[in-house]
Every structure is written in C-alpha cells, then in structure tokens.
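Just below is one structure, and these are the notes that go with it.
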Amino acid sequence: MSPDRAPVGALFRRFRDRLAAEGPERLGGPGPLAGHGTKVTATHGATGTGNAPLTAGAENGSRATGTGAGVARTDAGAAEVRLAPHPPRDVEPVDRPRRKGRRGGRGGGGEQLNVPPAEFTSYYGRPILKAPVWKWDIAAYLFTGGLAAGSSLLAAGGQLTGRPALRRSGRVVSLAAVSASAYFLINDLGKPSRFHHMLRVAKLTSPMSVGTWILSTFGPAAGVAAIAEAAPWLPERGVLGLGRRVLPPVGHAAGLVAAVTAPALATYTGVLLADTAVPSWHEAYPELPTIFAGSALASGAGVGLIAAPPAQAGPARRFAVAGAALELWGAHRVETRLGLLSEPYATGTAGRLLRTGRALTAAGVAGALVGRRSRVLCALSGGALLAASVCTRFGIFHGGVASAKDPRYTVVPQRERADRRAAEQG
C-alpha cells in the first residue's frame with residue numbers, strides 16, 4: 001500500500017461518521033418517503049433556484065430518481081437524457097420462459113440450436129503426429145529379419161528331407177541376414193550399448209523388448225548351424241578332428257532351434273509397426289504380421305531357388321506358393337479394408353513399391369512352377385521373389401510414414417469413430 005493513501009477501513013469510518021452527521025440528503029442519497037407517494041431527492045441547482053427541492057414528480061404521479069449528488073429527475077425526464085426509468089416498486093417481475101432442454105431437440109420443447117458441426121483440422125495443416133524418425137535402415141532391418149527367418153525354415157526343411165544343398169544355402173544366408181539385421185538395428189539405436197541395455201529386462205507387453213530377445217535367441221542358433229557347415233573342411237585327426245565329429249549334430253540341433261524361433265522373428269516386426277500410433281500401421285494390425293510372414297517365406301524360397309539345383313528345390317517351390325498367397329492376400333487387404341487409411345498404400349512411393357512387389361511375386365511363383373528343370377529359370381524366379389520381398393517391406397514402411405505426415409489420416413478416422421459411437425448411443 002502506498003503511504004499517501006489511507007486504509008480502506010479508515011475511509012469507511014469517515015464516510016459513516018459523515019453520513020451520521022449530515023444525513024443522506026447532503027450526500028446525494030435518497031430522501032424521505034412521503035407516505036405512499038413518490039420518492040423525492042434533494043437537489044442543488046436542478047431547477048435554477050439554488051436549494052429549492054424538485055416536486056414536479058408528485059404532480060403527475062411519476063417517481064423521481066437520483067443520478068448523482070444534488071441531482072433529481074423524474075421518469076419523464078429520464079427519456080430526455082436517454083436513460084431507462086426505474087420500474088415501480090409495486091410491480092412484480094415478469095417471469096421469462098425457460099428452455100426445457102439444454103440442447104436443441106433434447107428434453108422436449110427446447111430451442112433448436114442451428115450450430116454447424118465442427119470441422120476438425122490441424123493448425124495450418126501441420127502434422128498432428130510426429131512422423132517416425134526411422135530411416136531406410138529400419139526398412140532394411142524389416143527385410144533382412146524376414147530373410148533370415150525364411151532361410152532358416154528352408155534350411156530346416158532341407159535338413160529334415162535330406163537335401164544338403166538346400167540346408168547349406170539356407171543356413172549360410174540365414175547367418176548373413178541376421179548379422180545384417182543386427183547391424184541395421186544397432187545403427188538405428190545409435191550406440192551398440194543400447195542393444196545390450198535392452199537385454200536387462202524382458203517386457204512381454206513391449207514388441208521391441210520381445211523382438212530383442214527373439215533376435216538374441218535366433219542369432220546364436222543360426223550362427224552355430226552355419227558354422228557346422230564348415231565341419232567337412234576340418235582335418236579328421238587332432239582337436240580339429242573332434243570338432244569335425246561334434247559340429248554336425250550340434251548344428252542340426254541349433255538349426256531346429258533357429259527354425260522354431262523363425263516364425264516369431266518373421267512376424268514380430270509387423271506387430272512392432274502396428275503397436276505405434278502411425279494411422280496406416282496401427283489400423284492394419286491384423287494384416288501386417290501375415291504380410292511379413294508371407295514375405296519371409298517367399299524370400300527364403302528365393303534363396304533356395306537360386307542356390308539349390310532344381311532336383312532339390314521342391315520345398316523352395318512350395319514355400320514360394322505359400323508365401324506368395326499370404327503376402328498377396330495381406331497386401332490386398334491393407335489396400336481395400338482400411339478405407340481412407342488404405343490410400344497411403346496405394347499412392348506415392350508406397351503404392352509404386354507394393355504394385356511392383358505384387359508383379360514380381362506373381363512372376364517369381366510362375367517361374368518357379370514352370371521352370372522345374374531349368375536352373376536359369378529357377379534362379380530368375382528366386383531373384384524376383386527376393387526383389388518382391390524388398391519392395392513389400394519398403395512399401396509398407398513408406399506407407400506408414402506417409403500416413404503420419406498428413407493430418408487428414410489422423411483426423412478423419414477419429415471423427416468417423418466418434419460419429420459411430422454417437423450413433424450407437426443415440
């Protein structure tokens with residue numbers, strides 16, 4: 001409080017003392033009531049006669065009101081200065097009709113509010129979601145993980161059916177692919193220690209945590225199985241000779257462990273993408289694991305068609321048919337079932353990649369079935385299947401990124417879901 005201003009309590013006490021000494025008339029307050037007549041206030045100069053009170057209001061029955069110290073006026077004079085007259089005290093207030101409903105059309109008899117429905121947009125058309133910061137190395141990680149899983153399954157099929165060329169190629173490619181997959185993942189994490197830190201906990205509700213443990217289990221098993229293929233090159237005697245005798249059975253067991261883990265490795269990346277808030281990934285959660293499983297089988301089949309002679313490529317051809325069926329079915333579903341969210345998979349870079357992938361898949365399967373005795377045609381078919389798997393993985397990746405960058409793919413589905421809930425509740 002500034003020192004030149006008195007406290008509020010002191011001001012109030014001085015006003016009270018002055019009111020008691022001089023009366024309300026001297027302070028411009030209301031004057032005495034004359035029976036049941038009009039109320040008159042003291043005036044000073046209102047009539048031009050100095051201290052004479054104004055009593056004209058009593059003549060016409062109107063009530064005089066005061067607007068300030070020494071000022072009095074009638075209701076008739078209020079109109080001259082454009083002020084509303086005070087209502088008489090003996091008039092009861094008018095009851096206004098109340099709305100029975102808070103909103104138009106509800107509660108019966110309420111006002112109809114003609115308010116247009118709100119249009120939900122983003123500020124200046126900017127993205128609502130932050131687009132994934134993943135780059136091409138994650139798309140490559142998706143492909144190499146599927147290739148490692150498919151090759152491991154192919155190697156297990158060759159092992160169980162007595163096809164050594166199919167088993168050998170599958171094991172070697174599986175080790176190479178899982179090594180590349182680990183490199184791409186660590187490169188995206190930025191530091192190798194981060195991959196190690198992810199192994200400190202096991203969280204079943206986190207696809208990334210589960211995937212880390214799957215990769216950590218699959219990688220050593222695939223590595224041991226691939227190393228076992230070098231057993232025939234070791235000498236027959238000495239310490240290395242012991243390794244020559246021990247490695248084949250150990251490699252068989254490791255190959256089966258890798259094959260058991262392979263389906264999880266092939267599909268968990270689809271669950272990982274669907275678990276994000278990216279619209280076109282999240283809404284395609286039933287199809288992404290199926291697409292990735294089919295792509296893994298097709299890529300493994302491509303390895304077998306390229307590396308194994310036609311006489312041993314029977315399992316690879318069957319893998320190609322099964323993988324192509326799953327991949328094409330899943331790709332068709334994400335391009336037709338999701339409504340507006342299917343658009344990113346059909347346009348732009350993602351649309352071109354997915355269409356190319358479908359064409360290469362169909363060509364690869366046709367060549368594998370027709371060229372049963374042609375090594376060249378089998379190799380070309382295998383290359384087409386591998387290229388189709390690359391296009392499919394990169395197409396799914398780019399489609400999701402495109403849906404996160406455009407706010408329309410976030411806002412419109414949310415509004416449609418809200419309308420459906422409102423219709424169900426109404």
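The values are calculated or read from the model by the stated rules, or taken from the named source; none is laboratory data. Everything numeric here is computed off the predicted structure, so don't read it as measured data. Here Cβ is always computed from backbone atoms with ideal geometry, including for glycine, and neighbour counts include all displayed protein chains.
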**Prompt:** Pick from 410, 347, 392: which is closer than 30 Å to residue 138 by Cβ and surrounded by fewer than 14 Cβ atoms within 10 Å (Cβ to Cβ)?
**Reply:** 347
**Asked** Quick one: which helices (runs of 4 or more DSSP H) sit completely within the stretch 329-426 and have at least 2 residues that are within 25 Å of residue 174 (Cβ to Cβ) and of a type in the set (A, V, I, L, M)?
**Response** 348-370, 375-405
**Request:** Can you tell me which residue within the stretch 314-328, out of those that are in contact with a Gly (Cβ under 9 Å, 6 or more places away or on another chain) and closer than 13 Å to residue 362 by Cβ, is surrounded by the fewest Cβ atoms within 10 Å (Cβ to Cβ)?
**Result:** 325
**Asked** Within the stretch 294-313, is even one residue surrounded by 17 or more Cβ atoms within 10 Å (Cβ to Cβ) and assigned to a loop (DSSP other than H, G, I, E, B)?
**Response** yes
**Fill in**
Selection from the stretch 223-257 of residues part of a loop (DSSP other than H, G, I, E, B), of a type outside the set (Lys, Arg) and either more than 22 Å from residue 178 (Cβ to Cβ) or modelled with pLDDT of 95 or more (or both) yields 234, 235, 236
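Among the residues of the stretch 266-293, which ones are aromatic (Phe, Trp, Tyr) and either under 21 Å from residue 219 (Cα atoms) or crowded, with 21+ Cβ neighbours inside 10 Å (or both)?
Residues satisfying the conditions are 268, 281, 292.
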**Asked** Can you tell which of 406, 419 is acidic (Asp, Glu), without any contact (Cβ under 8 Å) to a residue 12 or more places away in the chain and farther than 30 Å from residue 150 by Cα?
**Response** 419
**Message:** Restricting to the stretch 193-222, name every residue that is outside any helix (DSSP H, G or I) and either surrounded by 13 or more Cβ atoms within 10 Å (Cβ to Cβ) or touching a Cys at 6+ places or on another chain (Cβ under 8 Å) (or both).
**Reply:** 206
